[in-house]
Amino acid sequence: MLSQMMFSQTLAIVLNTFREAVRDRVLYNLIAFALILIASALLFGEISIGIQKTILLNVGLSSISIFGLLIAIFLGIGLVYKEMDKRSLYALLSKPIRRSQFIIGKFLGLNFTLLVNTALMSVGLWVALFYLMRRFEPQDQYLWVAIYFILLQLSLITGLCLFFSCFATPVLSAIFTFVAYVVGNFSADLRVFGELTQNGTLKGLSTALYYLLPNFSDFNVSAWVSHGNPVEGSVILLNTLYALCYNSVLVAAAVWIFSRKDLK
Amino acid sequence: MNSLKAQRGGWQTALLVAGGFAILVPAQMALDRRLAAYRQTPEMLWMPSRKVLRTLSLGHNGLLADIYWTRAVQYFGRQRILRRREYPLLAPLLEITVTLDPQLLVAYRFGGVFLAAPPPLGAGQPEKAIDLLRRGIQANPDQWRLWHDLGFIYYWELQDYPAASAAYLEGSKHPRAAPWMQVMAAVILQKGGDRATSRFLWTEIFQSTEDETIRDNARMHLDTLRALDDIEELERRAAAFRDRTGRWPQSFQEMTAAGLLEGLPADPQGHPYQLQPDGQITLHPSSEVKLDYGPSPEAR
């Protein structure tokens, strides 16, 4: 009974976060811009030779990823701060709702928003693909894997945003998240650097950082699938497991910080 | 009253916009003239390090590879239009492209043809083309056609028939390789650069590529081979005419009347061949078929 009530309360926060996000005009501007970019990829393909479809898929997947990243950061940094700034958080927490429910609800709500946005942009990409090729090919199904991996990446960004927004201002949260995203893309180089160095401390530090930072490069299969290549099932499973675990850690840390936050 | 005001406001805005552009356009034209010297920057790579570029792509290496591939194609096209005989940036642009996206097969195949071809057709760097194709084979072991492209450079550009044969033999071991790969390995080793082998290989390139530039290049080479065959045959028939009459024919009409020809012979571009007084056959001055290149004197 109690768990059912907690579930419905969290669900209400999830839906409310989604409703609040879809009221934001920035969201529509970004989606519209991404769709225009995907459509314009049809023209980019004309400039080059032999790879019109590859160009369309690369531009499309990169648009979904970049605009998804912007949406996740723009909306994510305000998740906690806005509620505190508008004082709506105090009204919410005066009810029998745990702080952990609030954080989890916000996290799932933004992920749901990103899922809907990504679905919209993906429809744009599939329409453009059909317009270009006049048919779908069996290997086009692997595009879904690339889109799914982009979603996993975006969920990690959301987790990072939420974590940082629990103790930093929106601007600082945006900067921290973006830096983590950039460094997370370099993590493989970080490890190589560690292996090349003769210094044991540096080697240990770089290895620790390699495992500590989110490894965004693991999710990068866009170029691979744009040539119609399949992605192994084990990679899909492991990436899903990685994103789930990393997000659990981030949300748990965010809950821990937020629970100790003095809201007076 | 209000509508009159709104109408006047509309006219004023339109006038302002028109007036603004009336100044902007000549100002831009003047700027274009004055800045022309500043804009004449040399061709550059933007980012010379392949590895740094891949890292900085932040996971969008596919997109960046497409941009570099487009640059490579445009660079090649521009150099050709400007009739420049050197393509110094073609190899680095293609290397960056395949570092960013090792599965972009078209870049290897394009590079294989146009890096190896002698100027002005290509960069005249067959060793770079070989390096590029070997990287392609390593990154795409299931693409047997890259072995064909590699073997073809050894065969056509370097006339290194043992190496060409070895490449075709290696490619023929691939389970999906066409049966003729193994045949080619043996034929090249045995006959070297004979015209029939060349024709077969160029036809294979012509039929298998999706790239229009590569196809045009293959068509041009096939035209050459056909013209060489035609010229050889026509000269043989002119010699037959002399054997019969004791003199060289003065026109193709004479040869037709003697039953040695069925009509006015034309080259692959449709231009009539020219019969010289000594029985030699030459191309029409307007013909663009080239006879001055090929794998070896034997093939000519």
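The values are calculated or read from the model by the stated rules, or taken from the named source; none is laboratory data. Model, not experiment: these values are computed from the prediction. Cβ sites come from the backbone with ideal geometry, for glycine too, and all protein chains shown count toward neighbours. For accessibility, only protein heavy atoms count, side chains too; no ligands or nucleic acids. Shrake-Rupley method; radii C 1.70, N 1.55, O 1.52, S 1.80 Å.
Angle, helix B:61-81 long axis vs. longest principal axis of chain B, Cα atoms, 0 to 90°, nearest 10?
60 degrees
How large is Rg/Rh for the stretch A:71-161, to two decimals, with Cα atoms and a Kirkwood Rh? Walk me through the numbers before you get to the answer.
Details: Rg = 17.9 Å, Rh = 15.3 Å.
Rounded to two decimals, Rg over Rh is 1.16.
Round to the nearest 10 and give me the degree value, 0 to 90, for the angle of helix B:2-39's Cα axis relative to the longest principal axis of chain B.
Long axis of B:2-39 versus the principal axis of chain B: about 50 degrees.
Mind pulling up the Rg/Rh value for the stretch B:181-261? Radius of gyration and Kirkwood radius, both on Cα.
A ratio of 1.18.
Please state, as a whole number in µm²/s, the translational diffusion coefficient that the Stokes-Einstein equation yields for chain A at 10 °C and 1.306 mPa s, with Rh defined as the Kirkwood radius across alpha carbon pairs.
80 µm²/s
Excluding same-chain residues fewer than 8 positions from A:LYS106, which aspartates and glutamates have a Cα within less than 13 Å of its Cα?
Candidates past the 8-residue exclusion: A:GLU20, A:GLU83.
Over both sides of the A-B contact, add up the buried accessible area with a 1.4 Å probe and give it to the nearest 100 Å².
What A and B bury together is about 1800 Å².
With the other protein chains left in place, how much accessible area per residue, in square angstrom, belongs to the protein assembly as shown at a 1.4 angstrom probe? It would help to have the intermediate numbers written out before the result.
Details: 29430 Å² over 564 residues.
For the protein assembly as shown, the per-residue accessible area is 52 Å².
Defining a contact as two alpha carbons under 8 Å apart and six or more residues distant in sequence, what relative contact order in percent does chain A show?
Relative contact order comes out at 25 percent.
In vacuo Debye scattering of the stretch B:122-271, one point per C-alpha: log10 I(q)/I(0) at q = 0.10, 0.13 Å⁻¹?
At q = 0.10, 0.13 Å⁻¹ the computed log10 ratios are -0.48, -0.69.
Evaluate E = 1/(1 + (r/R0)^6) for A:SER94 and A:VAL22, where r is the Cβ-Cβ distance and R0 equals 30 Å; express this FRET efficiency to the nearest 0.05.
0.70
Provide the descending list of Cα extents for chain B along its principal axes, expressed in whole angstroms.
Largest to smallest, the principal-axis extents are 103, 51, 38 Å.
Heavy atoms only, probe 1.4 angstrom, no DNA, RNA or ligands counted: give me B:ASP223, B:ASP211 ranked by accessible area, highest first. Intermediate values should be presented prior to the final figure.
Working: B:ASP223 35, B:ASP211 5 Å².
Highest to lowest solvent-accessible surface, that is B:ASP223, B:ASP211.
Out of B:TRP180, B:TRP11, B:TRP248, any idea which swings most in a Gaussian network model of chain B, alpha carbons joined below 10 Å?
B:TRP11
Which lysines, on any chain, are close to B:LYS51 with Cα under 27 Å apart, when same-chain ones fewer than 8 places away are left out?
Filter leaves A:LYS53, A:LYS203, B:LYS128.
Would you report the distance distribution of C-alpha pairs in the stretch A:118-238 as whole percents per 10 angstrom bin, up to the bin with the largest distance?
That works out to 12, 30, 30, 20, 7, 1, in percent per bin.
Normalized C-alpha radius of gyration of the protein assembly as shown, against 2.2 N^0.38 Å?
Details: Rg = 32.8 Å, N = 564, 2.2 N^0.38 = 24.4 Å.
Its radius of gyration relative to the 2.2 N^0.38 Å reference: 1.34.
Ignoring any ligand, DNA or RNA, what whole percent of the accessible area of the stretch A:1-151 comes from carbon and sulfur when the probe is 1.4 angstrom? Kindly include the intermediate steps, with their values, before the conclusion.
Details: 5100 of 7490 Å².
With neighbouring chains kept in place, the figure for the stretch A:1-151 is 68 percent.
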